[in-house]
Amino acid sequence: MEPLPLVDQHCHGVLREGPDEAAAFEALLTESDAPPAPGTRHFDTQLGFAVRRWCAPVLGLEPHCAPDDYLGRRRQLGAREATRRLLRAARIGTFLVDTGLPGDLTDPGELAAAGGGTAREIVRVERLAERAAAAAPGAAAFLAHLAEAIAAAAKTAAGFKTVAAYRYGLDLDPAPPSAAELRDAAARWLDSRRTDRLTDPVLLRHLMWSAARTGLPLQVHTGFGDPDLRLHRADPLLLTDFIRAVRPTGCRVVLLHCYPFHRNAGYLAAAYPHVYADVGLSLGHTGARAEAVLAEMLELTPFGKLLFSTDAYGLPELYLVGAQNFRQAVARLCARFTGEGSWSRSDADRVAALIAAGNARRLYGPGN
């Protein structure tokens, strides 16, 4: 039986070279910036076990081989060959790539070529603003450059993304800022000379509204992430008033990751026609428990509003783990629901295909 076709609706580039050192590799298996507990390593997690389960055979090793054997084989093959094998094994047809992260990462074209698929860009709005600020002599020029950058990006991008949850929190004023508020905030930010990192809540609101008005989907980071985040301020329910306010623009809001607020995200997707929820990052990191997390998302999320993604970053292993955890979780749930008579087999197959690719193709349009 052919693997379920996938559209990865939120992901990132992978490292072009390395990482060769065990510590550098394992740092990409965790959202923490701290070392593992004494006597353990970052492989001792659901994600770490899933890498050894799904990725080792693709590199010519036995499932669950020792971590050092896995890393040794990876070095022997080299980063490019390991990347090619792992991405091809994931069988992802389309990659929607957030290009906003720094580092020597593959661009969308390189990622697609290595994976044997196609790719489109998701533009991170905070990076657009930071680049516009670096080239602007003052607040008026900055706002004009920013408007031009968003309009230009909208011509080719599949969608936009915001990391306001990291930069301030999702408990933002939901209304678009006034012209006076915007001018004052821009001047404050530029005068502060901290133009490498945008954290001003007025400017973050402006970016979200500017992206929404283009008509493209707006991806919003919600739920867990690295320690730069304050998790209680990343609950998607904090976006409720923004979701209501932005509805007349026609913008579709995609709630990324969501865990441990995935039931909250399911409620929002059920309550508002322009809200979608995403399983990325959640299923990769929950590993052997991915089925339980997916089942909880399916409690309330309309089946036409849930989207597959990996949120893979840095390591090609994260693409394969995300894809395989999803495929296994959805297959097991469909078998359980059909076995007990709750779903028909034809409905189960249709829902699995919607989450895997169909919903993303409808949401992001041609080319997906």
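Please treat every number below as a calculation from the coordinates, not as lab data. Predicted model, so just to flag it, every value in this text is computed and none were measured. Note that we place each Cβ from the backbone using ideal geometry, even for glycine, and neighbour counts take in every protein chain shown.
Annotations for the structure displayed:
- Structural descriptor for the chain: relative contact order 20 percent, calculated from alpha carbon pairs under 8 angstrom and at least 6 residues apart.
- Cα-derived Rg to Rh of the stretch 30-111, Kirkwood definition: 0.99
- The value for the chain of Rg(Cα) / (2.2 N^0.38 Å) is 0.99.
- Whole-angstrom Cα spans of the stretch 212-352 along principal axes, big to small: 43, 33, 26
- The stretch 1-151 - convex hull of the alpha-carbon atoms, volume per residue in Å³: 141
- Relative contact order %, the stretch 145-295, counting alpha carbon pairs below 8 Å whose residues are six or more apart: 23
- Ascending count of other beta-carbon atoms within 10 Å, so fewest first, for 351, 254, 279: 351, 254, 279
- Oblate is the label for the stretch 314-368, because a/c, from the alpha-carbon gyration tensor with a ≥ b ≥ c as root eigenvalues, is 1.5 or above and a/b does not exceed b/c.
- For the chain, a Gaussian network of Cα nodes joined below 10 Å ranks 255, 354, 96 by mean-square fluctuation, and the top entry is 354.
- The long axis of helix 139-154 is offset from the longest Cα principal axis of the chain by roughly 40 degrees.
- Net charge dipole size for the chain [Lys, Arg +1 and Asp, Glu -1 on Cβ; Debye, nearest 20]: 860
- Exposed-site-free run, longest, the chain (rule: GluC sites (Glu not before Pro); DSSP loop; at most 14 other C-beta within 10 Å): 32-298
- Local electrostatic count, residue 66, Cβ distance below 14 Å [Lys/Arg +1, Asp/Glu -1]: 0
- Likely footprinting exposure, 203, 170, fewest C-beta neighbours within 10 Å first: 170, 203
- Under a model in which nothing but the beta-carbon of Lys, Arg (+1) and Asp, Glu (-1) is charged, the stretch 212-308 shows a dipole of about 360 debye around its Cα centre.
- Cα gyration tensor, the stretch 159-228 - rounded (a/c under 1.5), prolate or oblate: oblate
- Which of 247, 74, 362, 127 has the fewest Cβ neighbours within 10 Å, and the rest in rising order: 362, 247, 127, 74
- Rounded, prolate or oblate (a/c below 1.5 giving rounded, otherwise prolate when a/b exceeds b/c) for the stretch 216-275 by Cα gyration tensor: prolate
- For the stretch 168-244 versus the stretch 274-310, the inter-centroid distance based on Cα atoms is 25 Å.
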